[in-house]
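Asker: Here it is, the structure, as C-alpha cells.
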Amino acid sequence: MTERQETAGVEPGAVTGTAGGTARTGRLYGVGVGPGDPSLLTVRAAELIGKADVVAYHCARHGRSNARAIAERYLTGGQLEERLMYPVTVETTDHPGGYRGALDDFYREAAERLAAHLDAGRDVVVLAEGDPLFYGSYQHMHKRLAHRYPTEVVPGVTSISAAAARLGTPLVEAEEVLTIIPGTLPEEELTARLAATDSAVVMKLGRTFPAVRRALERAGRLDEARYVERATMAGERTGALADIDPEGVPYFSVAVVPSRVAALDTAGEPFEALAPARVPERDAEGGGEVVVVGTGPAGPLWLTPEARGALANATDLVGYTTYLDRVPVRPGQVRHSSDNKVEGVRAEFALELARRGRRVAVVSSGDPGVFAMATAVLEAACEDPYRDVPVRVLPGMTAAHAAASRVGAPLGHDYAVISLSDRLKPWEVIARRLRAAAEADLVVALYNPGSKSRTTQVGSARDLMLEYRDSATPVVLARDVGGPTERVRTVELGALDPAEVDMRTLLLIGSTRTRWVRRGGGQQVVWTPRRYPEE
C-alpha cells in the first residue's frame, strides 16, 4: 500500500511508493444527479458514473439511496460501491458530542474510506441529489478531500429548478429577488425572511411543514404559496400549499412563492391624473387594504423585513414623491406620487383604491406614526365611506433613534419628541410644550425645525431652552442620517446657529445630565445616564 506524501516537490495528485517511485492518485468527482428523473442528468454526469472505479452515495439507516436510484441506469455493474450510511438523521443519539458530534465523526470516517480508494489510484464518483454543492451531502466530503486530491464538481439540476418547471411558474423576473430558505429555521426567522423577499423557495419540509405554513400565513404569503412534492419523481404532487394536509408531507418537498410580476395588475394611472371617482372598480375577489409603511430615515438598510414585504406585495404605492423615489420600481406596480402638503388627499386616495380592491402601500419616511402618514390615513379611515377598509400600520425606525445612534446614546433616559412646525398648531402651543419638557429636565428631540418659510423657530427654541439649560449643554445636529449627504455633529446649546439647520436636520438637546465626552482616537460620544439623582 502506498502512502500519500505532503512534501514539497511532489506533484498534487501523486503518491510516492515505498521504493521512491510515484504514481497517480485517483480523482474525486462530486456528481449532481438532478432532482429525480434519470433523464435530467447531464451528459458529463452520465459519462463519469459509467467509467468510475468507485461510486459512493449517502443514505439513511434504511439503506436506500435516492441518488443511487436515479443513477442506476448509468452503472455498469463493474464499479465498487461505497454506501455511506448516516448514523442518525432526525432521531436522537447517545454520542458524547450529540447530534453534531455524531455527524462529524461520520463525515471524517467516510472521507477516510474514500481517501483510501483515491490513494490506491481509483477514481471516485460521489453521487449527490440535485446539485452537489447545494444543500448536498457531497459537500462534506469536498471540504475534507478537495484540497488533497484532484477534484471536479459536476453541477446538477436542483429541486428548485425542477419545482418551478413542474409548476410552470416563473420564479423571478426583472429585478425580483429569490430567497432560498431551509424550513428548519425558527418560525420567527422564517416569517421575517418570507415577508421581506419577492420570491422564495422553502426547502426541507417534512416535519417542518406546519411551522412553514404558519410562517407563510403570518407573512401574508400563504395565498401565493405553491407546494411541490417529489418533483420529476414517481409520486409527484403539486398544488396550493394552503390545501395540503400536513400529515404525510415528505422531506423531498418544497414550498414555492413564485414571481409576483405576472400576478400584478399593470392597469392604472398616476396620482395627478386619477381622481377617486375614476379609480377602477374591483376586478378580483377579495378586499383591498391599506398598509402604512415606515421606511426609516433613508435607504433600504433601514427597512424592516415586514415593511419590505408589504412594499413588494402592494399593487399600488402612494406617497410623497421624495419618499416614493426611495422604493425600488417593480414591474406591474402602479406608483402614485404627490406633493408633501396634501396628506389628507393622499390618504383618501389610498383608501379609495383599497375600497375598490387594491392592495395599497402608503409610503412614509421614518416611523409612520411619528409626525407622518399614519395619522392622516387613520383620520380618513374613521369616516364614511372608508370605515370598513382594512388599515395596518407597519413601524419604521424614526429619525430621532437613527440620529442618536450616530453619537452614542443621548436618549438613554426619558425624553420628549416635539415638532417645531407651526403649520398645524400655533407657536404658543409649541413653546408651552418646550417649556414643560425643559422644566422636567427631559432630553428633547426636535423634528421639522426649519424650512424656507419658517426661519425663526430654531432660534426661539434655543433661547427658551437656555432659560433652563447651561449654555454648554450638548446639542446633536443630525442631517440626512443614512443618506448620501449625512452630516452629524455636536455643538453647545449656546453656540447653536439657526442658519445651519434646515428641514432635513433633526436636533437632540441634552438634559442637565447628558454627557459629551471625547474618547480615545478622537471619537466624541454623547450619552444620558440611566440613573437620575434623588432630589
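Asker: Loop-only GluC sites (Glu not before Pro) in the stretch 66-136, please: DSSP not H, G, I, E or B, and at most 14 other Cβ atoms within 10 Å.
Answerer: GLU91
Asker: For GLU82, which sequence-distant residues (separation of 5 or more, or a different chain) have an amide H within less than 5 Å of its own amide H, given hydrogens modelled in the peptide plane?
Answerer: VAL55, ALA56, TYR57
Asker: Still on this structure, I have one more. As an exercise, identify the GluC sites (Glu not before Pro) in the stretch 168-213 lying in DSSP coil whose Cβ has no more than 14 other Cβ atoms within 10 Å.
Answerer: Numbers: sites: GLU173, GLU175, GLU176, GLU187, GLU188, GLU189; in loops: GLU173, GLU175, GLU176.
Passing sites in the stretch 168-213 are GLU175.
Asker: In whole Å, what are the Cα extents of the chain along the three principal axes, biggest one first?
Answerer: 95, 64, 41
Asker: Mind listing the long-range amide H neighbours of SER511? Cut-off is under 5 Å, sequence gap 5 or more, other chains count too, H placed in the peptide plane at 1.01 Å from N.
Answerer: The answer is VAL443.
Asker: Same structure again: Would you count, across the chain, every pair of lysines whose alpha carbons are under 30 angstrom apart, provided the pair is eight or more residues apart or spans two chains? Can you show the working numbers first?
Answerer: Values: LYS51/LYS143; LYS143/LYS204; LYS341/LYS425; LYS341/LYS452; LYS425/LYS452.
Number of lysine pairs found: 5.
Asker: Within the chain, which complete DSSP H helices have Cα atoms spanning at least 24 Å along the helix axis and a mean Kyte-Doolittle hydropathy of -1.0 or higher? Numbers along the way, then the final one.
Answerer: Working: long enough: 98-119 (31 Å, -0.65).
Helices passing the filter in the chain: 98-119.
Asker: If I model a spin label at ARG44 and GLU187 as a point 7 Å from the Cα along the Cα→Cβ vector, what separation in nanometres do I get?
Answerer: Those two pseudo-labels are separated by 4.3 nm.
Asker: Can I ask one more? Find the percent of Cα-Cα distances in the stretch 76-173 that exceed 24 Å, and round it to a whole number. Walk me through the numbers on the way to the answer.
Answerer: Working: 1783 of 4753 pairs.
Summing the P(r) tail past 24 Å for the stretch 76-173 gives 38 percent.
Asker: If I take the Cα coordinates of the stretch 150-228 and project them onto the principal axes, what are the three extents in Å, biggest first?
Answerer: 46, 29, 22
Asker: If you don't mind, another one. At 222 nm, what value in deg cm²/dmol follows for the chain if DSSP H runs of at least 4 each add -39500 (n - 2.57) and the sum is divided by all its residues, to the nearest 500?
Answerer: Working: 14 runs with 141 residues, N = 535.
Calculated mean residue ellipticity at 222 nm is -8000 deg cm²/dmol.
Asker: Then there is this: Using 7 Å Cα-to-Cβ label points, what is the ALA436/ASP414 separation (nm, one decimal)?
Answerer: It works out to 1.3 nm between the two label points.
Asker: If you project the alpha carbons of the stretch 374-467 onto the principal axes, what extent comes out on each, in Å, largest first?
Answerer: For the stretch 374-467, the Cα extents along the three principal axes come out at 49, 31, 28 Å.
Asker: If I ignore ligands, DNA and RNA and count only protein heavy atoms, how much of HIS413 is accessible to a 1.4 Å probe, in Å² to the nearest 10?
Answerer: That residue has around 50 Å² of solvent-accessible surface.
Asker: Another question about this same structure. Which residues' amide hydrogens lie under 5 Å from the amide hydrogen of LEU496, considering only partners 5 or more residues apart or on another chain, with H built in the peptide plane?
Answerer: none
Asker: Using all alpha carbons of the stretch 443-522, what is the percent of pairwise distances in each 5 Å bin, ordered from the shortest bin to the longest?
Answerer: With a bin width of 5 Å, the distribution comes to 3, 15, 27, 24, 18, 9, 4, 1, 0.
The values are calculated or read from the model by the stated rules, or taken from the named source; none is laboratory data. The model shown is predicted, which means the values in this text are computed figures rather than measured ones. Note that we place each Cβ from the backbone using ideal geometry, even for glycine, and neighbour counts take in every protein chain shown. Surface accessibility is based on the protein's heavy atoms, side chains included, excluding ligands, DNA and RNA. Shrake-Rupley method; radii C 1.70, N 1.55, O 1.52, S 1.80 Å.
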